[in-house]
Each structure stands twice: as structure tokens, then as C-alpha cells.
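Undergrad: Quick one: the structure is below, and I'll ask about it shortly.
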Amino acid sequence: VQLQASGGGLVHPGGSLRLSCAASGTIGSVNVMGWYRQAPGKARELVATITSGGVTTYADGAEGRFTISRYDAKNTMYLQMNSLKPEDTAVYYCTLRTYPLRNDYWGQGTLVTVSS
């Protein structure tokens, strides 16, 4: 399985971006996809997850501003980010956990910079 993240870039505060993550290979019917981010000098942190059943979870800072979704016909996951703040600046990584073996996969990351 390989994950390819895209959609990062430079955006002004208050702006929006949509990240995409395309999975190739066999991901199975039961899995969890998610987004993590790592800001300069900080630890990697969870942003949001979505199960193969469509159940979503969000970190406190993402709730209400970010929306995670997936389109299983194309094995693709999205993160719509609105009302972006400078503190959202980070490299965003997509992840996939497959079941029942709990294999974890990570994408290469896409840089989001929020700056005026």
C-alpha cells in the first residue's frame, strides 16, 4: 500500500485548502484513514480520522473548521480546511490502518503554510 498526499500550499489566514490522499494497493474493506500534522519544532499530532464506516473524529483545534471525508470508489481521503490560522502551519501526513492485522501506512506529507 502506498499513500500519496497532495494539496498543500501557501494560504492567507482565514483562507481554505483541501488536502487529498490517494491510496494505491489493497486496503481492505475495514480500515481507518487519518491526517496528522507536525509543526516545526513540535511533535506530530492527530488532526482527524475517518473509519471505513464513515465515523469521524477530530482533534479539538480542528473541530468545526476542518472536515475529513473519503471517496472509497477511488480510495481517496480528503481534508477540507477552512478558517486557517498561522498555527495550522505544518506538514500534514495521511495515514491508513488496515484490519484485522493493524498494519499502518504513512504518506510522504504535504506542507501547509498559513501566513500573510
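Undergrad: Taking only region 72-102 into account, find how many residues are within 10 Å of the chain's Cα centre (by Cα) and polar (S, T, N, Q).
TA: The qualifying residues number 2.
Undergrad: Determine whether region 20-35 contains at least one residue that is open to solvent by 60 Å² or more (accessible area, probe 1.4 Å), part of a strand (DSSP E or B) and either of a type outside the set (Gly, Ala, Ser) or modelled with pLDDT of 95 or more (or both).
TA: No, every residue in region 20-35 fails to be open to solvent by 60 Å² or more (accessible area, probe 1.4 Å), part of a strand (DSSP E or B) and either of a type outside the set (Gly, Ala, Ser) or modelled with pLDDT of 95 or more (or both).
Undergrad: Could you list all residues from region 85-113 that are aliphatic (A, V, I, L, M) and either surrounded by fewer than 21 Cβ atoms within 10 Å (Cβ to Cβ) or at pLDDT below 95 (or both)?
TA: Val91, Leu101, Leu111
Undergrad: Let me ask something else. Across region 36-77, what is the number of residues that are surrounded by 19 or more Cβ atoms within 10 Å (Cβ to Cβ) and part of a strand (DSSP E or B)?
TA: Of the residues in region 36-77, 10 are surrounded by 19 or more Cβ atoms within 10 Å (Cβ to Cβ) and part of a strand (DSSP E or B).
The values are calculated or read from the model by the stated rules, or taken from the named source; none is laboratory data. Computed from a prediction, not measured in an experiment: that's the story for all the values here. When we count neighbours, we look across all protein chains shown, and the Cβ atoms used for this are built from the backbone with ideal geometry, even at glycine. Please note that ligands, DNA and RNA were not included when accessible areas were found on the heavy atoms of the full protein model with its side chains. Shrake-Rupley method; radii C 1.70, N 1.55, O 1.52, S 1.80 Å.
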